[in-house]
Amino acid sequence: MNNGDNYKRRRKDTISDDEDSCSTDHEPKKRDLNGIITSLLLLDEQEKRDHEEQTEATNEEKSILESNHKRKTRTMLEFNTNLQYYYSEIDETDRMKRKKSRAMAASVAAATAVRQTENQSSDQQNKQSGSGQQRRLWVKDRSKAWWDECNRPDYPDDEFKKAFRMSKSTFELICEELNSVIAKEDTTLRNAIPVNQRVAVCIWRLATGEPLRLVSKRFGLGISTCHKLVLEVCSAIRSVLMPKYLHWPGEDSLRKIKEEIETISGIPNVIGSIDTTHIPIIAPKISVVAYFNKRHTERDQKTSYSITVQGVVDTRGVFTDVCIGWPGSMNDGQVLEKSALYQRANGGLLKGVWIVGTSGFPLMDWVLVPYTQQHLTWTQHAFNEKVGEIQKVAKEAFGRLKGRWCCLQKRTEVKLQDLPVVLGACCVLHNICEMRDEGIDPDLGFEVVDDEMVPEVALNSVSSMKARDAIAHNLLHHGLAGTAFL
């Protein structure tokens, strides 16, 4: 019995020693596990704090950008309001001066005519009755031989088109459309200038960009008369022909444009291509900084001032929307925000469709632009190639616009406040020529080189970025992407 009791006691002591050793081994492991858990909690808390700080910094940066954008927009609107007010004062002053000049000229002419009638003898009157009406002394005798030659019915159509950038039939169509607006009646002092000559003066001036003194010699008219005719006809073109030949397409036309562009590029729901070009101007007397074109100044190594013409074209190169006259210091995105097209898009009229632009435009829910970051993927390269094919249509359209109407290639004598009317008339005439398949002489080709400016906000919505990625992947996976970039 004693031996059995001793054995049990020894076994009990052995078990207790084993339990003590196990508990001693578990305690360091438990401490290590607690340390790991504590570290993970601290790291998680630190990550949360970093994320909150990053979100706060992003929101602060976004608010700063928004406030800067609003301030710039407000400043630009105030500037344009002051500019319009200044121009309206100038117009009113010029109008009063012209009114006084006309009244004085009319009184002098009437007095001269009365004195001539009183001093003429009966013999002179009989002599003049056989030779026709006597030329008025106050009308300068100018040769119209060049215009009379062009106006002959048998004048070669090729020569006419070379001079006026359009065929005789197109020219006659324009004269017929404008006849009711620009036609004048004969007076006792002089005969009215015919409608076709009025239109010819305007188109020749736009097509060649010749100084008014040379236009005056060609058409046998005074310099001031030529200047007045150009503005009158341009204004008539803008008011009468623009609603007919330059307007946003209807549903049927938009559907046709979508189909044609999808056939060319494989990108669906594209209704046009947008681009911006700069028209050089003489340094304005006010707000010089607003019209200063920094990029062109750096490129040409001479001071450059300009105003912008932004337009959307269809597959034929016909303008469907234009925005004209904003200062040349504004980038493409800023001009777009000022346009009627932007207001139309905000109203929901461009939902579900795309207009393709250059990298100078921001990516928006309705503006599709190429990828611009470095190290593009194969999919992105292929997408840019297809977008470039669509954008090429707008580039070539602006090239033909400036090639036909050479007045857009150099600084003009037209006042800044009258320039939008002239530019609008050029766009309308361009559309008429394109619609009637009036080809352009290859010698008149003009390469548009307008440096693209990076927009302030390159991305306006995340959804547009996802939509662009989906289009790019669809092009590649359906075998529609090109390989020229390789």
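The values are calculated or read from the model by the stated rules, or taken from the named source; none is laboratory data. Quick caveat, the model's predicted, so the values are computed rather than measured. Please note: Cβ atoms are built from the backbone with ideal geometry, for glycine as well, and neighbour counts cover all protein chains shown. For accessibility, only protein heavy atoms count, side chains too; no ligands or nucleic acids. Shrake-Rupley method; radii C 1.70, N 1.55, O 1.52, S 1.80 Å.
Does residue 232 fit the bill of being among the acidic types (Asp, Glu), touching a residue at least 12 places away in the same chain (Cβ under 8 Å) and over 30 Å from residue 390 (Cβ atoms)? Steps first, answer last, please.
On the way: among the acidic types (Asp, Glu): yes; touching a residue at least 12 places away in the same chain (Cβ under 8 Å): yes; over 30 Å from residue 390 (Cβ atoms): yes.
Considered against the rule, which asks whether it is among the acidic types (Asp, Glu), touching a residue at least 12 places away in the same chain (Cβ under 8 Å) and over 30 Å from residue 390 (Cβ atoms), residue 232 comes out as yes.
Would you confirm, using the coordinates I've provided, whether residue 325 is part of a strand (DSSP E or B), modelled with pLDDT of 90 or more and either in the same structural domain as residue 468 (by the TED database) or touching a Gly at 6+ places or on another chain (Cβ under 9 Å) (or both)?
yes
Among 167, 235, 224, which is hydroxyl-bearing (Ser, Thr, Tyr) and touching a Lys or Arg at 6+ places or on another chain (Cβ under 6 Å)?
Exactly one residue qualifies, and that residue is 167.
Could you grab me the full set of residues in the range 338-357 that are touching a Ser or Thr at 6+ places or on another chain (Cβ under 8 Å) and assigned to a loop (DSSP other than H, G, I, E, B)?
357
Can you say whether residue 348 is of a type in the set (Gly, Ala, Ser), more than 25 Å from residue 259 (Cα to Cα) and either open to solvent by less than 50 Å² (accessible area, probe 1.4 Å) or at pLDDT 95 or above (or both), as far as the supplied structure shows?
No: the conditions fail for residue 348.
Quick one: count up the residues across the range 309-352 that are of a type in the set (A, V, I, L, M, F, W, C) and under 30 Å from residue 439 (Cβ atoms).
Counting residues in the range 309-352 that are of a type in the set (A, V, I, L, M, F, W, C) and under 30 Å from residue 439 (Cβ atoms) gives 9.
Residues are listed down the side, and each one gets a yes or a no for (1) modelled with pLDDT under 75; (2) at positive phi; (3) outside the structural domain of residue 326 (by the TED database); (4) aliphatic (A, V, I, L, M):
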{"position": "50", "(1), (2), (3), (4)": "no, no, yes, no"}
{"position": "55", "(1), (2), (3), (4)": "no, no, yes, no"}
{"position": "58", "(1), (2), (3), (4)": "no, no, yes, no"}
{"position": "69", "(1), (2), (3), (4)": "no, no, yes, no"}
{"position": "77", "(1), (2), (3), (4)": "yes, no, yes, yes"}
{"position": "81", "(1), (2), (3), (4)": "yes, no, yes, no"}
{"position": "91", "(1), (2), (3), (4)": "no, no, yes, no"}
{"position": "99", "(1), (2), (3), (4)": "no, no, yes, no"}
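Just name the residue that is nearest to residue 304 (Cα to Cα) out of those in the range 321-341 that are polar (S, T, N, Q) and open to solvent by 10 Å² or more (accessible area, probe 1.4 Å).
329
Select, from 160, 219, the only residue that is among the aromatic types (Phe, Trp, Tyr) and under 23 Å from residue 437 (Cα atoms).
That would be 160, the only listed residue that is among the aromatic types (Phe, Trp, Tyr) and under 23 Å from residue 437 (Cα atoms).
From the set of residues in the range 360-416 that are without any contact (Cβ under 8 Å) to a residue 24 or more places away in the chain and of a type in the set (S, T, N, Q), which is farthest from residue 276 (Cα to Cα)?
This residue is 377.
Among the residues of the range 354-389, which ones are β-branched (Val, Ile, Thr) and within 19 Å of the chain's Cα centre (by Cα)?
355, 356, 358, 367, 369, 387
Being hydroxyl-bearing (Ser, Thr, Tyr) and under 21 Å from residue 339 (Cβ atoms) is the filter here; which residues of the range 50-89 pass it? Outline the logic, then answer.
Within the range 50-89, the first condition is being hydroxyl-bearing (Ser, Thr, Tyr), and the residues that meet it are 55, 58, 63, 67, 73, 75, 81, 85-88.
Listed by number, the residues that qualify are 73, 75, 81, 87.
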